[in-house]
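Engineer: The structure that follows is given in the form of structure tokens.
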Number of protein chains: 2
Amino acid sequence: MHNRLCYIVQLPIKCQCLLETFMRMRALTDQNTKKTTIYDLAQLAGTSAGTVSAVLNGNWKKRRISEKLATKVRNLADEHGYALNMQASTLRKEKSGIIGMVVPMYDNRYFSSIAQTFERMARAAGYFPIVTCTQRDPELELTAARTMLAYQVEYLICTGATDPDKIHDLCAPAGVPTLNLDLPGKKASSVISDNYAGAFKLTKKILAAAPERSQGSLFVGGREADHNTQERIRGFRDAHAEIGITVTEDQILACGYASQKAAAALSRFLKDAAEPPATMFVNSTISLEGVVTSLRENDLATQDKIVIGCFDWDPFAELLGGNIFMVRQDVETMMNALFSIIREGSEAEIVTIEVPPVL
Amino acid sequence: MHNRLCYIVQLPIKCQCLLETFMRMRALTDQNTKKTTIYDLAQLAGTSAGTVSAVLNGNWKKRRISEKLATKVRNLADEHGYALNMQASTLRKEKSGIIGMVVPMYDNRYFSSIAQTFERMARAAGYFPIVTCTQRDPELELTAARTMLAYQVEYLICTGATDPDKIHDLCAPAGVPTLNLDLPGKKASSVISDNYAGAFKLTKKILAAAPERSQGSLFVGGREADHNTQERIRGFRDAHAEIGITVTEDQILACGYASQKAAAALSRFLKDAAEPPATMFVNSTISLEGVVTSLRENDLATQDKIVIGCFDWDPFAELLGGNIFMVRQDVETMMNALFSIIREGSEAEIVTIEVPPVL
DNA sequence: CATTGATGCATGATCGATTGTGCAATAAAC
DNA sequence: GTTTATTGCACAATCGATCATGCATCAATG
């Protein structure tokens, strides 16, 4: 069945050198295109494929294979650079060992740290992590999820997904559990930052450091529709309420996260205002980029003049100097929570874990 | 062969409600754990698995399947949320469509931009991209490469790899071509920044903007052993030579990339020096973090006092203000070069493409 | 010497999708 | 009416690894 036929031809002496060249090429091609399989190793070791498989995947003890044969097979595997064919293995075992994650972007510290930590922990848990970024494109989110399903992922983590519940509905019929990270969903467990508490603390901090000024605070960035922004605005409001200040609608610029949008929104605000705001709550480092740019353009350095609080962390932003405070979402703890849910199994009910960020 | 047996049992009426509950559970479990296969769809459509396969993978025209049957099969597939089993498909076709990439880290703009662009372009080229970060761990680099081989990647891109040639040697016997990105290798084609030209230009720029001072320039960050650092030092030297200055060994602090190392090396330097350097060439944003920290600690703001050139780009670093110039490695062009090599096929000889970075 | 048990391995079915081959049924050509 | 061509599909082998089953061989026991 698995015999690889080999035609041996008798050639006249004249052709010997040609033959040699051919054999070298074949050897090269063989090694270059044909991967060694357990059948090849079985033939070389004079044993069966099943035995080779047992030796290489570690349960040869159970199958009572002799130490001697096991060693021989392992040596041959090393010599020939044997690599397991995961597709075949997965197909048979019906378990891929793959855990998937979709993230919106890599290009800020929060998400890149999530991706990096996810890979590390997944590997430590014995999974093969596949991370893919969906460019904040809802369409691509679904396509990516579908593709991950095709690759038989055992778990799918939806990070900052536009519509995590739709992804859940895609995965559920295939028996693939999902988890939400950063943004919560209703149909699967979620691990998110404690946005309210973080925003509340951060706001108190900047209010305490704020200079006296008629023009009060400003909230910049994020989308009113998204859960995180709502919670942060609530924290922002309540921290003000605590010292007897009511935040009005015009103090909230939920203009989206993109830096250009934040810059534009802030510039518009500054044009109408008599005085710059005393404090600003900026909803992400991405938005902060826009805020800083806008301040530059309006000849307002960060230094001392305006106290900024940013819900997110970036090392260089921190070095910007001036009165800038950042809360750092606790990625390590969030990811630990995530993997503890995964370890518990999907039996449990739907939970939402809120991890406090650190100032 | 592929019949899924279904035992139908006649139960006394008493048990009817129990049965109902059972059926609901079974339905749930069935839908939750068993994925729909082409055999399931074939049975539902009253046709054969081969036909279903042909319909779903698009070559049903070639196989002369009627429009009517094709539509029926497609509808059934949609209804039942059918997802292709890639493992089975790959196993049979002996082509996975997977393209792999290893990167050292995600947490700086350069590498995260590379990862992001890679994913986008790979998808556009019809591949399924798998990116994994190896934490600058040479051991993990090899392990990751081996795992990628097991998953039957068709191509492997080694980004900033410690020893790309070793990875090549791992992949070659399996017939998997490799490409090097960012750091060159000898055994496969490479796409890298034109480090010499970039460094030369950047150095000229900071020299032109430099204040007159006895203490000249400093080169901070990177490893003497790595190709990029060598080339940048060469550019740094030559730009000085052009205006008649010879760079001495003590002006080169190739202390590694890590920010702490850069901070420590610079602080040590500043302790011994009578005066701070007029200009500094910093070898990456990571190192720049350390440099800025060290300057802070030594009460030297960036403002006007020291002209800094950084070989790498970060939006916030750019906003730091003061005399700081950054060259941005041209990721888009580099990745285009990479994929054009991939499209050409691996027939061609080993080439090294140097892409000029932009100031 | 016959029976039991342990040891060491081979055999073959199986996972799901793909694809070359072949065989009916109908249509077209002579 | 017979031959040829075309349409429309079913069948079965195959990819590589896994694992339940089974069959020799040899030692131990009665």
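The values are calculated or read from the model by the stated rules, or taken from the named source; none is laboratory data. The shown structure was predicted, so the numbers you read here are calculated from the model rather than taken from an experiment. Note that we place each Cβ from the backbone using ideal geometry, even for glycine, and neighbour counts take in every protein chain shown.
Engineer: Among the residues of segment A:42-63, write down those that are more than 8 Å from DNA strand D (Cβ to nearest atom) and touching a residue at least 12 places away in the same chain (Cβ under 8 Å).
Structural biologist: Scanning segment A:42-63 gives A:Leu44, A:Ala45, A:Thr47, A:Val55.
Engineer: Starting from residues that are farther than 26 Å from A:Val355 by Cβ and free of Cβ contacts under 8 Å to residues at least 24 places away in the same chain, keep the ones in segment A:305-327 and report whichever is nearest to the chain's Cα centre (by Cα).
Structural biologist: By that ranking, first place goes to A:Gly321.
Engineer: Could you check how many residues of segment B:257-271 are free of Cβ contacts under 8 Å to residues at least 40 places away in the same chain and within 13 Å of chain A (Cβ to nearest Cβ)?
Structural biologist: Summing the residues that are free of Cβ contacts under 8 Å to residues at least 40 places away in the same chain and within 13 Å of chain A (Cβ to nearest Cβ) in segment B:257-271 gives 4.
Engineer: When the residues of segment A:213-262 are filtered to those that are of a type in the set (D, E, K, R) and in a loop (DSSP other than H, G, I, E, B), which remaining residue is farthest from A:Pro184 (Cα to Cα)?
Structural biologist: Only one residue tops the list, namely A:Arg213.
Engineer: For A:Leu320, work out the one condition from (1) away from chain B (no Cβ under 13 Å); (2) within 30 Å of A:Phe118 (Cα to Cα) it doesn't fulfil.
Structural biologist: In the conditions (1) away from chain B (no Cβ under 13 Å); (2) within 30 Å of A:Phe118 (Cα to Cα), A:Leu320 misses (1) alone.
The rows are residues; the columns are (1) within 37 Å of the chain's Cα centre (by Cα); (2) within 16 Å of DNA strand C (Cβ to nearest atom); (3) closer than 25 Å to B:Leu142 by Cβ; (4) part of a loop (DSSP other than H, G, I, E, B).
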site	(1), (2), (3), (4)
A:Thr47	no, yes, no, yes
A:Gly50	no, yes, no, no
A:Val55	yes, yes, yes, no
A:Ile65	no, yes, no, yes
A:Asn75	no, yes, yes, no
A:Asp78	yes, no, yes, no
A:Leu84	yes, yes, yes, yes
A:Ala88	yes, yes, yes, no
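Engineer: If you check A:Pro177 against the conditions, is it at the interface with another protein chain (Cβ under 7 Å from one of its Cβ atoms) and in contact with a helix residue (DSSP H, G or I) (Cβ under 8 Å, 6 or more places away or on another chain)?
Structural biologist: Criteria not met by A:Pro177.
Engineer: Still on this structure: May I ask you to list the residues in segment A:158-174 that are in contact with a helix residue (DSSP H, G or I) (Cβ under 7 Å, 6 or more places away or on another chain), more than 14 Å from chain B (Cβ to nearest Cβ) and not in a loop (DSSP other than H, G, I, E, B)?
Structural biologist: Matches in segment A:158-174: A:Cys158 only.
Engineer: Let me ask something else. Is at least one residue of segment B:272-279 free of Cβ contacts under 8 Å to residues at least 40 places away in the same chain and touching a helix residue (DSSP H, G or I) at 6+ places or on another chain (Cβ under 8 Å)?
Structural biologist: No.
Engineer: Give segment B:142-157 a look and list any residue that's buried (at least 24 other Cβ atoms within 10 Å of the Cβ) and either away from chain A (no Cβ under 14 Å) or within 14 Å of the chain's Cα centre (by Cα) (or both), or say none.
Structural biologist: Those that are buried (at least 24 other Cβ atoms within 10 Å of the Cβ) and either away from chain A (no Cβ under 14 Å) or within 14 Å of the chain's Cα centre (by Cα) (or both): B:Ala144, B:Ala145, B:Met148, B:Leu156, B:Ile157.
Conditions tested, residue by residue: (1) among the β-branched types (Val, Ile, Thr); (2) within 13 Å of chain A (Cβ to nearest Cβ).
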position: B:Ala274; (1), (2): no, no
position: B:Ala278; (1), (2): no, no
position: B:Val282; (1), (2): yes, yes
position: B:Leu288; (1), (2): no, yes
position: B:Val291; (1), (2): yes, yes
position: B:Asn298; (1), (2): no, no
position: B:Lys305; (1), (2): no, no
position: B:Gly309; (1), (2): no, no
position: B:Phe325; (1), (2): no, no
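Engineer: Yes or no: A:Arg92 in a helix (DSSP H, G or I), at pLDDT 95 or above and within 12 Å of DNA strand C (Cβ to nearest atom)?
Structural biologist: yes
Engineer: Is it the case, given these coordinates, that A:Lys61 is within 30 Å of B:Pro129 (Cβ to Cβ), more than 10 Å from chain B (Cβ to nearest Cβ) and at pLDDT below 95?
Structural biologist: It is false that A:Lys61 is within 30 Å of B:Pro129 (Cβ to Cβ), more than 10 Å from chain B (Cβ to nearest Cβ) and at pLDDT below 95.
Engineer: Further question: Which ones in segment B:95-107 are part of a loop (DSSP other than H, G, I, E, B), within 15 Å of DNA strand C (Cβ to nearest atom) and crowded, with 19+ Cβ neighbours inside 10 Å?
Structural biologist: B:Ser96
Engineer: Further question on the same structure: What number of residues within segment B:97-139 satisfy the criterion of being free of Cβ contacts under 8 Å to residues at least 40 places away in the same chain, within 10 Å of another protein chain (Cβ to nearest Cβ) and over 16 Å from A:Ile130 (Cα atoms)?
Structural biologist: The number of residues fulfilling the criteria is 1.
Engineer: In addition: Please go through segment A:163-186 and give me each residue that is under 15 Å from A:His227 (Cα atoms) and out of contact with any Pro (no Cβ under 6 Å at 6 or more places or on another chain), ordered by number.
Structural biologist: A:Asp163, A:Pro164, A:Asp165, A:Leu181, A:Asp182, A:Leu183, A:Pro184, A:Lys186, listed by residue number.
Engineer: Something else: Among the residues of segment B:64-77, count how many are near DNA strand D (Cβ under 7 Å from one of its atoms) and either within 14 Å of chain A (Cβ to nearest Cβ) or loosely packed, with under 12 Cβ neighbours inside 10 Å (or both).
Structural biologist: Number of matching residues: 3.
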